[in-house]
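I have placed the structure first, in the form of structure tokens, so that the comments after it can refer back to it.
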Amino acid sequence: LPSGGIERQAIEAGEVDAIVDYAGSNIIVLATARRALRRIAAVTNAQRDNDGPRVANAVLAALPREVYEQLAPGLEPVRLEFGQVLHEQGAAFRYVYFPIDCVVCLLAAADGKRTAATGVVGYEGMIGMSLVFGVEAAPVHVKVLAAGAAMRMPAERFRMELSRCPPLQRALYHYAYLELAQAIHMIACMSYARMEQRVASMILNIADRSKSRDVFLTHDCLAATFRVRRVSITLAAATLRARKLISYNRGAIRILNRQGLEAAACSCYKGQG
Ligand SMILES: [Zn+2]
């Protein structure tokens, strides 16, 4: 560049970060920009070192690093929206999902139409567990109760990875037991727990998994999940509110007294402790 020219002046004034040399297919990053990039890289690396690898799903995070790196190319980040149906009863799973901060509800279908909640899945688990046992379809409805992020993997690829990856099998067998235990507790609660206990459990189950004290859940949604009339939910929620355990406004529920709400919850919540 000619000295004293306009380009040279701009460079000297620090207004230019890089020069693109089209003829030589070259990009020359100038010193100030290079320093800035190095600073950003240093900060990002320091964050990564402090937080460990950025895998927030417990099943994936428990895998040895080389196993995770083998799975990673098959994983795709997705955002799941409130109310989205991830799986219809009886259909084959097209994907498995590893939730990060979304929460889904497993609904057992009795006769194709009537369903009841048998489980809540978040960052601790996986959706599509029937594939772990070689079953393509499952008699569950899977619905998103709290929007958020997840990683998903095509079912075909998951089967292949599972067959060659004992650490993944072990992690998922362990989780399968937790999911089964939760279903047993929730079924017992259907018969024996009071509605306010069940509502308290559901709020805590969702709050824990979305790592927040705020839960978005309308009375209609809870009524559909528990297969009860809306008025039962409204009464249960009013009781919890009167005890100053929660507040709510148009489906926005906030936990005010966590210990109190835990004490009010039934065994499908406490049973996991
Ligand atoms: Zn319960």
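The values are calculated or read from the model by the stated rules, or taken from the named source; none is laboratory data. Here the structure is a predicted model, which means the values were calculated and not measured. As a convention, Cβ positions derive from the backbone with ideal geometry for all residues, glycine included, and neighbour counts pool all protein chains shown.
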- Filter result for ALA92 (small (Gly, Ala, Ser) and crowded, with 18+ Cβ neighbours inside 10 Å): no
How many residues of region 77-93 are at pLDDT 90 or above and either among the acidic types (Asp, Glu) or in contact with a helix residue (DSSP H, G or I) (Cβ under 6 Å, 6 or more places away or on another chain) (or both)? The answer is 2
Flagged pairs (Cβ under 6 angstrom, 6 or more apart or on separate chains; first in region 244-273, under 18 Å from THR234 (Cα atoms) and in contact (Cβ under 8 Å) with a residue 40 or more places away in the chain; second assigned to a strand (DSSP E or B) and of a type in the set (Asp, Glu)) are ARG254/ASP214
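Rundown of residues vs (1) without any contact (Cβ under 8 Å) to a residue 24 or more places away in the chain; (2) surrounded by fewer than 22 Cβ atoms within 10 Å (Cβ to Cβ); (3) closer than 16 Å to GLY251 by Cβ, yes/no style:
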| site | (1), (2), (3) |
| --- | --- |
| MET190 | no, yes, no |
| ARG213 | no, yes, yes |
| THR218 | no, yes, yes |
| THR225 | no, yes, yes |
| ARG229 | yes, yes, no |
Within region 53-82, the count of residues that are among the charged types (D, E, K, R) and closer than 22 Å to CYS105 by Cα comes to 3
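A quick yes/no check of all residues on (1) under 22 Å from GLY83 (Cβ atoms); (2) touching a helix residue (DSSP H, G or I) at 6+ places or on another chain (Cβ under 7 Å); (3) at pLDDT below 90:
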position: MET186; (1), (2), (3): yes, yes, yes
position: MET202; (1), (2), (3): yes, yes, no
position: THR218; (1), (2), (3): yes, no, yes
position: LEU222; (1), (2), (3): yes, yes, yes
position: PHE226; (1), (2), (3): yes, yes, yes
position: SER247; (1), (2), (3): no, yes, no
position: GLN259; (1), (2), (3): no, no, no
position: CYS266; (1), (2), (3): no, yes, no
Considering only helices (runs of 4 or more DSSP H) wholly within region 173-273, the ones with at least 3 residues that are within 16 Å of the ligand (Cβ to nearest atom) and more than 21 Å from the chain's Cα centre (by Cα) are 195-210, 230-242, 258-264
| Would it be correct to say that ALA46 is modelled with pLDDT under 95 and within 14 Å of the chain's Cα centre (by Cα)? | no
